[in-house]
Amino acid sequence: MSLSVETNKSTLRKLDMKLDNYPTCAVEALTRLETLIASRNKQNLVMQIISEYIFLERITKDGDGRKSQALPISQLNLFQEFQLIITLIEYFSRPGRDATRNAIFLSLFGSHLTPQRSKLLSRLISTAVSGSVAPLLSSAGTWMQQVGCKTPLSLEVAQNIVSDFICYSRKTPEQLKQLPMVGPHFAANFMVSVTDLYLNDQRSNVLTPPPDALLDTLTEWMTENPTLCQASQQPLVLPAGAIAMPYATPLAGLLRWVVLAPLVSNRASYSNLHLSILRTLQQLGSSSDSTALPFQDLMQIVKSLQSYCARLGESKTSPDSDEAYQKCMERFAQAVQIALNSNCITNQIQLLLVLESLPPHKLMKIVIASHKK
């Protein structure tokens, strides 16, 4: 057995955290982690304490009594999961340094989670939204950026919030409506994730509109908080030596919603959301953020419109006479015009060339011509 393993076991014995006294052992483990996590050569011990004393995970053994290569299995029962969620809510609500809280959160929930940890994470964040626990939501927003807002883990968190607060609720809770005020960074990253779940034919091969209550909530967020999309750009507070991952704004996903919405819905909320997006794009003109609308995200909109026009061709319908396509292009042209003026689109020349490949639209032709000069 290696010296490091022996040292870890010795340290664990010194900690004397009794597993049969749950969740007290988890509380003590979190406190001990604060001192250990700053030491970069103690990461294996940190992971071991988290696994054994917080999540009560055990490595299964094969028929020969040897440890298998499978993921560890949590021994937490439902009541203990509830106790752990309360423990974590209380821990992250305590006064302390943001860098320490974020380091603990990222250690608890990294980018490779067991199914049990993933489910517990979703429940934890939903509880934090319900209780308006700002420090935990701040750490959750940092976590989403570090693992990627469009990764399966972040999408699962977003889908769980939609289920808890939209699908299974008769009325949108005030806590969700106030989320941009309580946790703006988390709210912005949540929008990046949740917009990827709907009106995205690359994900599901069909354009599925978001639930009405979700659309209304995000429209209200954008109307009352015009700078919310920029909250994802705030600097991350990370432990020494950690590298911040690139941020993503929700603008491209929201724009995809409003541009493609006429193909599946006539709800007025999309028009209101469209106006809020245009207002935000105008404000970006003074921020010098040239990455707010990445070219590849706008290409996703173009490809969806191309697919729709191909289906029109199969039915012998001209895009010129299709009201839905004309409305899509009108919104798209308005957004592209303001975004180009605000200099917040990447690969602008390439985008203009791609836009020319779409069936002609009067306003879009004017936009392209004015910016190709």
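The values are calculated or read from the model by the stated rules, or taken from the named source; none is laboratory data. Note that the coordinates shown come from a computational prediction; the quantities given were computed from them, not determined experimentally. Cβ placement follows ideal geometry from the backbone for every residue including glycine, while neighbour counts extend to all protein chains displayed. Note: areas computed on protein heavy atoms with side chains; ligands, DNA, RNA excluded. Shrake-Rupley method; radii C 1.70, N 1.55, O 1.52, S 1.80 Å.
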>> Ratio of alpha-carbon Rg to the 2.2 N^0.38 Å globular estimate for the chain, to two decimals, please.
In response: 1.15
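Suppose every K and R has +1 on its Cβ and every D and E has -1 on its Cβ; what is the size of the dipole of the chain about the Cα centre, in Debye to the nearest 20?
Numbers: 34 positive and 29 negative charges, 94 e Å.
In debye, rounded to 20, the chain gives about 460.
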> Which of Val259, Val354, Val147 moves the most in a Gaussian network model of the chain with Cα springs under 10 Å?
Replying inline: Val354
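Hey, with R₀ at 30 Å, roughly what FRET efficiency would Asn266 and Ser318 work out to, going by the Cβ-Cβ distance, to 0.05? Write down the numbers at each step before the final one.
On the way: r = 21 Å, r/R0 = 0.71.
Using R0 = 30 Å, I get an efficiency of 0.90.
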>> Rounding to the nearest 10 and keeping the result within 0 to 90°, find how far the Cα-based axis of helix 212-224 lies from the longest principal axis of the chain.
In response: 80 degrees
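Considering Cα pairs under 8 angstrom that are at least six residues apart, work out the relative contact order of the range 34-164 and quote it in whole percent.
Value for the range 34-164: 21 percent.
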> If one computes the Cα centroid of the range 180-216 and of the range 273-323, what distance in Å separates the two points?
Replying inline: 16 Å
> What is the extension gain from Ser111 to Tyr168, computed as 0.36 nm multiplied by their sequence separation minus the C-alpha to C-alpha distance, in nm to one decimal?
Replying inline: 17.7 nm
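Quick check: from the Cα gyration tensor, does the range 249-348 come out rounded (a/c under 1.5), prolate or oblate?
It comes out prolate by the Cα gyration axes.
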> What FRET efficiency do you get for Phe79 and Thr223 if R0 is 56 Å and r is their Cβ-Cβ distance, rounded to the nearest 0.05?
Replying inline: 0.85
> For the Cα atoms of the chain, what angle does the longest principal axis make with the long axis of helix 184-197, in degrees from 0 to 90, nearest 10?
Replying inline: 70 degrees
> Per the 1.4 Å probe, what fraction of the accessible area of the range 153-192, in percent, lies on carbon and sulfur atoms?
Replying inline: 50 percent
> So what is the accessible area of the range 88-235 per residue, in Å², with the probe set to 1.4 Å?
Replying inline: 39 Å²
> GNM, the chain, Cα, under 10 Å: largest mean-square fluctuation among Ala333, Ala268, Ala99?
Replying inline: Ala268
> For helix 152-162, what angle does its Cα long axis make with the longest principal axis of the chain, in degrees from 0 to 90 and rounded to 10?
Replying inline: 80 degrees
> Given R₀ = 51 Å, FRET efficiency for Ser307-Arg94 by Cβ-Cβ distance, to 0.05?
Replying inline: 0.50
> What is the gain in length, in nm to one decimal, between Ile86 and Ser39 on full extension, counting 0.36 nm per residue of separation less the C-alpha to C-alpha distance?
Replying inline: 14.2 nm
>> Set the bar at 23 Å for Cα to Cα. Now go through Lys316/Lys362; Lys171/Lys327; Lys327/Lys365 and name every pair that lies beyond it.
In response: Lys171/Lys327
> Per residue, how much accessible area does the range 250-332 have with a 1.4 Å probe, in Å²?
Replying inline: 41 Å²
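Heavy atoms only, probe 1.4 Å: what % of the accessible area of the range 245-373 goes to carbon and sulfur, would you let me know?
In the range 245-373, the share of accessible area belonging to carbon and sulfur is 51 percent.
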> Taking amide H positions as placed 1.01 Å from N in the peptide plane, with prolines and chain starts having none, which residues 5 or more places from Arg58, or on another chain, fall under 5 Å of its amide H?
Replying inline: Ile73, Ser74, Gln75
